[in-house]
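Scroll down for the structure; my scribbles are underneath it.
Every number here is computed from the coordinates shown, using simple stated rules; none is lab data. From a predicted model like this one, the values you see are computed outputs, not experimental measurements. In this analysis, Cβ positions are derived from the backbone assuming ideal geometry, glycine residues included, and neighbour counts consider all displayed protein chains.
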Amino acid sequence: MARTRRPSEQTTAVVLALAEAPATWRYGYELCRQLALKAGSMYTILMRLSDRGLVETAWETDTPPGRPARHLYRLTGPGIALATEMAQAAITTSKPAVAELRARWEGA
Amino acid sequence: MKRLVTWLVLGGLLACFAVPGYTSITNGSLTGPVRERVIIWLLFAAPSFFAAWLLVNAWWNGSGQRLSTMDSPARLLAVAVGAMPETRREWAAAMQAELTQVRGRWARWSFAVDAARAALFPPRGSRLPIIATAATVAMSVVATFMYVGRAMPTLQLFAVTFMAMAGFMTLLAVARQRRIVPSPALAAMVGIAVTGCIAAIVYVLQKYPDASEALQPSRAVFVALMLSGFLLLALSPPKAMMASSRARWIGVAVGFVLGALFLLSTGFTQYTNDGTMFMLFGPGPIFFLGALFVAAVDGSFRSGIQTAVWGATVGSLLTFCIWLLESMRWIQSGAGLLIDNDRVPNMMAANIQDAVFWILIWVPVWCLPIGILGAALSGWNYQGRASEPAPQNQTIDPA
């Protein structure tokens, strides 16, 4: 039996932020600034989500000369399904920030 | 920055040599006028300083130069991500690339410190291997404490220290998801050699219980640390030590040659009292030539270093074991100490002390630097490892 654990508030925020525009690739630092999350927390969450197949990663192309290619993230199909569940759960928890993200995702 | 690192390394070495040097110069271990004793100590230490300088230069030509072009937050993150498991290297590159987008000193420090935290403590898929390993290590240490304490109390500290260090380093390797036993043959060989050393110690102490005087707490801990260190080096070696198969196996051959020559020499030195001469002048050329040959063939200074390291590992273990067993044969045949045929009250204890100094200290401290000098002489190619390009899973234009 697979072990399930309720995702943390921070993980929920990251998933819903990515779900705002599921087809769009996002940068890690951009997510940190949007969600006011520290890099240590953000990358730990992204690594876990990637390990579980909920987030896919890629390296950008068309990199300006003199700087390295940046890592990109977006939700996979199962990740989008998880975002739906989280959005439903957020209705009952009344967390303003998460609820706002849910509203933005639903409106997208 | 290169100069700072060089001075730090040489200063650290000086601190390591200064205390034992002062002790041996003042306690009568070295005979003759003070000036002569200082010169002898300096000659003993010189290869280590020169080898350290060569290693710093090799490091600088590799990753050091790249570090010097970074600011402090980037350097901190570069060092931290170096500790990430191999399965997480893509994330290491990701965090470093992202730092280039962060502006402002405070923001860069904040990002670098937080990302370093994620690098040092990345998420683990399953904690079960770590928990299982920790439990096994704890049980082994307790069992060792109880069993050895009953069977052979004089060896209790040595056995518990060995088990605890070996267990701790195994746990660290599992936690870092480092590949364990990349070379089963090498690991088996070193494992057998370590077992042989431990068996020889047990056998000697059973035959000569008074020899336990040699295993006073500090020496017992030191021997346990060295043996467990050699074992862990073979079980979970750094990637740099496994880069060249030729270097590795020629290093093992160097170790066997050292052991064989030592065994042959004991047949002669029993009559010539020249054990000290062999230990002073015998091992050095073996390491020098072995590392020189490999560095020349591979065209790589680093390959020569690998040969020297593996030679010191295998050679120390073999020769330590031979020393203990030959000491017993000498005593039984009425001869004196293995090193100089002297006769002292507690012969076996003195032999153990000599073995610890000449094999577990002298061989690594003298022969390893000599090997590095040999590698430097023929490995003119000082190129460090090329920096790895960021892995490209897919190439996507995010626009």
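Annotations
- Within 10 Å of the Cβ of each residue in B:89-101, the mean number of Cβ atoms contributed by other protein chains is 6.
- Distances between placed amide hydrogens fall under 5 Å for B:V181 paired with B:S236, all partners being 5 or more residues away or on another chain.
- Across peptide A:32-43, the mean count of Cβ atoms from other chains lying within 10 Å of each residue's own Cβ comes to 5.
- Highest mean packing first, where packing is the average number of other Cβ atoms within 10 Å per residue, the peptides B:230-242, B:75-87, B:320-332 line up as B:320-332, B:230-242, B:75-87.
- All-pairs alpha carbon distance profile, the protein assembly as shown, 20 Å steps from 0, percent: 19, 43, 27, 10, 1
- Using 0.36 nm per residue and subtracting the Cα-Cα separation, the extra length available between B:V344 and B:M1 on full extension is 118.3 nm.
- Which of B:M163, B:Q96, A:C32, positive extreme of dipole for the protein assembly as shown (C-beta unit charges): A:C32
- Charge dipole magnitude, Cβ of K and R +1, D and E -1 - segment B:79-235, Cα centre, debye nearest 20: 480 debye
- Of the residues B:V194, B:T144, B:P184, the one whose Cα sits farthest towards the positive end of the charge dipole of segment B:123-242 is B:P184 (charges of +1 on Lys and Arg Cβ, -1 on Asp and Glu Cβ, taken about the Cα centre).
- ³J(HN,Hα) computed for each position of segment B:218-228 - Karplus, 6.51 cos²θ - 1.76 cosθ + 1.60, integer Hz, glycine/proline x: 5, 6, 4, 5, 4, 4, 4, 5, 5, 5, 5
- Rounded tilt (10° steps) of B:283-298 against the dominant C-alpha axis of chain B: 30 degrees
- Computed from phi, the 3J(HN,Hα) profile of segment B:196-201 under the Karplus parametrisation 6.51, -1.76, 1.60 (θ = phi - 60°) reads x, 4, 5, 4, 5, 4 Hz, with x in place of Gly and Pro.
- With 0.36 nm allotted per residue and the present C-alpha distance subtracted, the B:W106-B:S245 stretch has 45.5 nm of extension available.
- Beta bridges per DSSP with both ends in the protein assembly as shown, % antiparallel, nearest 5: 80 percent
- On Cα atoms only, tilt of B:105-120 relative to the major axis of chain B in degrees: 50 degrees
- Each residue of segment A:46-52 was assigned a 3J(HN,Hα) from its phi angle through the Karplus expression (A = 6.51, B = -1.76, C = 1.60, θ = phi - 60°), giving 4, 5, 5, 5, 5, 4, 8 Hz with x at Gly and Pro.
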